[in-house]
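See structure below.
The values are calculated or read from the model by the stated rules, or taken from the named source; none is laboratory data. Just so it is clear, the model here is predicted, and its values are computed rather than measured. Counting neighbours? That spans all protein chains shown, and the Cβs are built from the backbone with ideal geometry, glycine included.
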Amino acid sequence: MGFDFPLRKIIHVDMDAFYASVEQHDHPELKGKPVAVGGGSKRGVVSAASYEARTFGVHSAMSGFLAKQKCPDLIFVKPRFDRYKEVSLQIRDILYEYTDLVEPLSLDEAYLDVTHNKKGNPSATLIAREIRKNIVSQTGLTASAGISINKFLAKVASDYNKPNGQKTINPEEVISFLEHLEIRKFYGVGKVTAEKMYTLGIFTGKDLKEKSLEFLNRHFGKNGVYYYEVVRGIHLSEVKPHRIPKSVGAERTFSENLSSEIFMLGKLENIAAELERRLVKGKIAGKTLTLKIKYSDFTLQTRSKTLPYFVSNKDLIFEVAKELLFQAELQNSVRLLGISLANLNTEKKAEASKKEKETVYVQLKFDF
């Protein structure tokens, strides 16, 4: 079937039980066991659940008390959001190897537009497979992916073969796929809306497609046109990448608090090396360097220095960071160190990104 709007090649990458998987990866003794991140206190709420825990009916936003009732052997783990962000940035770096059109939705999922990609690969399906393979090799974690002509379909598809799988909905399959799709699986149709649709005799995409725009507007207000269009494969929202960054940084949280600057120098050099990698990959340099120090009591301190020239070299970054570290006495033992560069050489990049939006999509042979 032909479409009278531009077709894109969109991938939705969704990490599998991200927070819980990070904990199982970092603590091998948790592998294969039911794990809940958060929720351990009397009033606690589960932030994430491993697949082993999900088989007992444990899920995010559930009270820890109820989760423990459903799964008596459930292991509660305190959230480590600094660590999750660190891994998320690793994953994001992988995505940027394929396209600059990356739209992160959260730490564990993102859209990519690979219609025109850095690898020159015409197959979004093969790109998704390669991305998932690289994520495993570099982080030890698995991801699932959905591939199709728009963001809505890619999002729906990424849920199909979870965990550690992917699904492609080719252009010629779109309408049939949507007609057979259960209404509760439509992205944007929550539990309450699904119940309302059931009362109106809408159980599948085919049922939804038979309703007029006027009918849907009357019953669902401003969302009516959304439901009317997506069931026909129409979802024109573009992948919206984050703006050109104003700063680039790297940081590390330590398993044990550090009490002396001498113990921190090796850590700081590793952070400088990671920052250099990100700067080189993004072809970015900066003039203002900031050292971030988070103490064991969670108080935060920053120390900055602006240089007369742009830097991106690890050795220069490390020397300035070391100078800032010894600038004043530490207030307490340290649990996190970070280095960031601001005042970046990205003004020309911002102009280039405006021109990039003028991309014309050619609809000829469209392999997925």
> Which number in (1) out of contact with any helix residue (DSSP H, G or I) (no Cβ under 8 Å at 6 or more places or on another chain); (2) at pLDDT below 95; (3) surrounded by 12 or more Cβ atoms within 10 Å (Cβ to Cβ) marks the one condition that residue 288 misses?
Replying inline: (2)
> Which ones in region 280-316 are closer than 19 Å to residue 245 by Cβ, among the aliphatic types (A, V, I, L, M) and within 28 Å of the chain's Cα centre (by Cα)?
Replying inline: 280, 284, 285, 289, 291
>> For region 55-74, which positions are surrounded by fewer than 18 Cβ atoms within 10 Å (Cβ to Cβ) and either charged (D, E, K, R) or touching a residue at least 24 places away in the same chain (Cβ under 8 Å) (or both)?
In response: 63, 70, 73
>> Of everything in region 76-126, what is over 17 Å from the mean Cα position of the chain (by Cα) and of a type in the set (A, V, I, L, M)? Give them in sequence order.
In response: 77, 124, 126
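Being within 14 Å of the chain's Cα centre (by Cα) and not basic (Lys, Arg) narrows it down to one of 176, 148, 137, 158, so name that one. Steps first, answer last, please.
On the way: 176 fails: within 14 Å of the chain's Cα centre (by Cα); 148 fails: within 14 Å of the chain's Cα centre (by Cα); 137 fails: within 14 Å of the chain's Cα centre (by Cα).
Only one candidate passes the filter, namely 158.
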>> Filter region 169-226 down to the residues that are farther than 15 Å from residue 156 by Cα and either touching a Ser or Thr at 6+ places or on another chain (Cβ under 7 Å) or among the small types (Gly, Ala, Ser) (or both) and list them by number.
In response: 194, 201, 212, 221, 224
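Residue-wise test of (1) farther than 20 Å from residue 155 by Cβ; (2) among the basic types (Lys, Arg).
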{"position": "76", "(1), (2)": "yes, no"}
{"position": "83", "(1), (2)": "yes, yes"}
{"position": "92", "(1), (2)": "no, yes"}
{"position": "100", "(1), (2)": "yes, no"}
{"position": "114", "(1), (2)": "no, no"}
{"position": "122", "(1), (2)": "yes, no"}
{"position": "129", "(1), (2)": "no, yes"}
> If you go through region 303-313 one residue at a time, do you hit one that is within 21 Å of residue 254 (Cα to Cα), at pLDDT 95 or above and touching a Lys or Arg at 6+ places or on another chain (Cβ under 6 Å)?
Replying inline: no
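Can you tell me which of 239, 156, 174 is without any contact (Cβ under 8 Å) to a residue 60 or more places away in the chain and either within 29 Å of residue 16 (Cβ to Cβ) or not in a helix (DSSP H, G or I) (or both)? Outline the logic, then answer.
Working: 239 fails: without any contact (Cβ under 8 Å) to a residue 60 or more places away in the chain; 174 fails: without any contact (Cβ under 8 Å) to a residue 60 or more places away in the chain.
Only one candidate qualifies: 156.
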> For residue 23, are the conditions met, namely being surrounded by 14 or more Cβ atoms within 10 Å (Cβ to Cβ), in contact with a Pro (Cβ under 6 Å, 6 or more places away or on another chain) and not in a loop (DSSP other than H, G, I, E, B)?
Replying inline: no
>> I'm told residue 291 meets every condition in (1) part of a strand (DSSP E or B); (2) over 23 Å from residue 90 (Cβ atoms) except one. Can you identify the failing condition by its number?
In response: (2)
> Only one of (1) over 21 Å from residue 368 (Cα atoms); (2) crowded, with 18+ Cβ neighbours inside 10 Å; (3) not hydrophobic (A, V, I, L, M, F, W, C) is not met by residue 140, so which one is it?
Replying inline: (2)
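Just to be sure, is residue 5 assigned to a loop (DSSP other than H, G, I, E, B), farther than 30 Å from residue 245 by Cβ and modelled with pLDDT under 95? If you could, list the steps in order and put the result at the bottom.
Details: assigned to a loop (DSSP other than H, G, I, E, B): yes; farther than 30 Å from residue 245 by Cβ: yes; modelled with pLDDT under 95: yes.
Taking the combined requirement at face value, the residue satisfies it.
Name the one entry in 128, 110 that is within 27 Å of residue 336 (Cβ to Cβ) and small (Gly, Ala, Ser).
On the way: 128 fails: within 27 Å of residue 336 (Cβ to Cβ).
Checking each option against the conditions leaves just 110.
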> Which members of region 212-254 meet the condition of being of a type in the set (S, T, N, Q) and either over 30 Å from residue 273 (Cβ atoms) or crowded, with 19+ Cβ neighbours inside 10 Å (or both)?
Replying inline: 212, 217, 223, 237
> Can you tell me which residue in region 155-209 is surrounded by the most Cβ atoms within 10 Å (Cβ to Cβ), limited to those that are touching a Lys or Arg at 6+ places or on another chain (Cβ under 6 Å) and under 30 Å from residue 132 (Cα atoms)?
Replying inline: 157
